[in-house]
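Written below as C-alpha cells is the structure these notes are about.
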Amino acid sequence: MTPVTVRQGSGPIVLGLPHTGTYVPDDIAAKLNDNGRKLTDTDWHIDRLYDGLLADSTSVTANFHRYVIDANRDPSGASLYPGQNTTTLVPLTDFDGKDIWDTPPSEADTEDRRRKFHAAYHAALKEELMRVKAIHGIAILYDCHSIRSKIPFLFDGTLPDFNIGTNLGATCGRVIETATYGLCRAEDGYTTVLNGRFKGGWTTRRYGKPEQGIHAIQMELAQSTYLSDEAPPWSYDEIKATRLRRPLSRLLGKLAHIAINGDLT
C-alpha cells in the first residue's frame with residue numbers, strides 16, 4: 001500500500017488527514033502486543049465524514065496507522081505539550097497509557113519509519129499547499145482529527161464536540177479563527193472550545209504561516225458526535241454523521257469564501 005493518497009482539487013482548501021489510516025506493515029504488526037493490534041487510537045471514519053463536503057477541495061491522507069509513526073508529531077521527537085501526558089513520534093502507549101508493543105521500536109526503527117512514512121506524508125502535503133497557493137495566492141490547511149470524548153490519561157472530564165486549534169492564533173489569520181469559532185459556537189446541540197486541550201499539532205504549527213499566505217487550523221472532533229459508540233467496532237452512525245456534516249460543510253464553505261474573497265488580516 002502507498003503511504004499517502006492525494007486527491008487534488010482546484011479550490012483554496014487542503015484537508016489533512018494524518019490519523020485515519022489503519023495500514024500496519026506485517027513486520028511492524030508482528031511487534032505490537034494484543035492491545036496495540038486493536039488500533040484503538042484511530043481517527044475512525046474521519047475520511048468518510050469529510051468526503052464530499054466541499055467541492056474542489058484537496059485532501060492528503062496518511063494510509064498508515066499512527067502506531068507505525070505519528071504524522072502529526074515533530075520528527076525530532078520534541079513534545080507538542082510539555083508537561084502533559086501525550087503520545088510520542090512512534091507511540092509507546094495508547095491514549096489510556098497502556099503499552100502497545102511486545103518489541104518497542106529502536107532508534108533505527110523510528111528513523112526508518114520517519115523516512116518511509118512521515119516524510120512521505122509531509123512531502124505530499126507541502127506540495128499540495130504550494131500548488132494551491134500558486135493558484136489562489138493563499139492556501140488554508142484544515143487538519144481533520146477526531147478522538148474519544150473521555151480519556152482520563154489525556155484530559156479531565158468530557159471533551160467538547162468541536163476543538164479548534166490555532167496555536168493561540170499564530171497559525172492562521174484572525175478572520176479565519178473568528179469565523180471558525182463563531183460558526184461552531186452557533187450550532188445548537190454542540191459544544192465548542194478554541195485552543196483548549198488541543199491547540200493544534202505539529203502539522204498545524206509547521207505549515208501555518210499567515211504572513212507567507214498559508215493558514216492552518218486543526219479541528220479535533222469528539223467521536224461521540226458521529227460514532228454509534230466510542231468503542232469497538234467503532235461504527236459510523238449515519239444519523240449523527242449526517243447532522244454533523246451540515247455544520248462542517250458550512251464551515252468549509254465559509255473558509256473557502258474567505259480565502260477567495262476575504263480580508264485575512
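Some values worked out for this structure:
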item: Whichever residue in region 237-265 is outside any helix (DSSP H, G or I) and surrounded by 14 or more Cβ atoms within 10 Å (Cβ to Cβ) and, among such residues, is nearest to the chain's Cα centre (by Cα); result: Asp237
item: Which numbered condition Thr110 fails, given (1) crowded, with 20+ Cβ neighbours inside 10 Å; (2) touching a Leu at 6+ places or on another chain (Cβ under 9 Å); (3) part of a helix (DSSP H, G or I); result: (1)
item: Any hit, region 208-219, residues being more than 25 Å from Asp96 (Cβ to Cβ), in a helix (DSSP H, G or I) and touching a residue at least 12 places away in the same chain (Cβ under 8 Å); result: yes
item: Region 107-151, residues that are among the β-branched types (Val, Ile, Thr) and either touching a residue at least 60 places away in the same chain (Cβ under 8 Å) or in contact with a Cys (Cβ under 8 Å, 6 or more places away or on another chain) (or both); result: Val132, Ile135, Ile138, Ile140, Ile147
item: Pair list, Cβ < 6 Å and 6+ apart or interchain, from region 50-68 residues that are buried (at least 23 other Cβ atoms within 10 Å of the Cβ) to residues that are in a loop (DSSP other than H, G, I, E, B) and of a type in the set (Gly, Ala, Ser); result: Ser57/Gly9; Ser57/Gly11; Thr58/Gly9; Ala62/Gly21; Ala62/Ala71; Phe64/Gly21; His65/Gly21
item: Residue satisfying condition, being in a helix (DSSP H, G or I) and within 24 Å of Asn167 (Cβ to Cβ), within set Ala78, Ala120, Ala124, Ala71; result: Ala124
item: Of all residues in region 179-188 being without any contact (Cβ under 8 Å) to a residue 40 or more places away in the chain and assigned to a loop (DSSP other than H, G, I, E, B), the one that is surrounded by the fewest Cβ atoms within 10 Å (Cβ to Cβ); result: Asp188
item: Filter result for the condition that a residue is under 15 Å from Leu39 (Cβ atoms), modelled with pLDDT of 95 or more and touching an Asp or Glu at 6+ places or on another chain (Cβ under 6 Å), over Asp99, Asp94; result: Asp94
item: Residue check, Gln223 surrounded by 19 or more Cβ atoms within 10 Å (Cβ to Cβ), among the polar types (S, T, N, Q), at pLDDT 95 or above and closer than 30 Å to Ser76 by Cα; result: yes
item: Filter result (crowded, with 19+ Cβ neighbours inside 10 Å and either of a type in the set (A, V, I, L, M) or without any contact (Cβ under 8 Å) to a residue 40 or more places away in the chain (or both)) within region 152-178; result: Leu154, Leu159, Ile164, Ile176
item: Residues located in region 127-168, provided they are of a type in the set (Ser, Thr, Tyr), in a loop (DSSP other than H, G, I, E, B) and within 17 Å of Thr203 (Cα to Cα); result: Thr166
item: Selection count, region 92-105, where residues are outside any strand (DSSP E or B) and in contact with a strand residue (DSSP E or B) (Cβ under 9 Å, 6 or more places away or on another chain); result: 5
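The values are calculated or read from the model by the stated rules, or taken from the named source; none is laboratory data. Just so you know, these numbers come straight off a predicted model, no measurement behind them. Cβ atoms come from the backbone with ideal geometry, glycine included; neighbour counts cover every protein chain shown.
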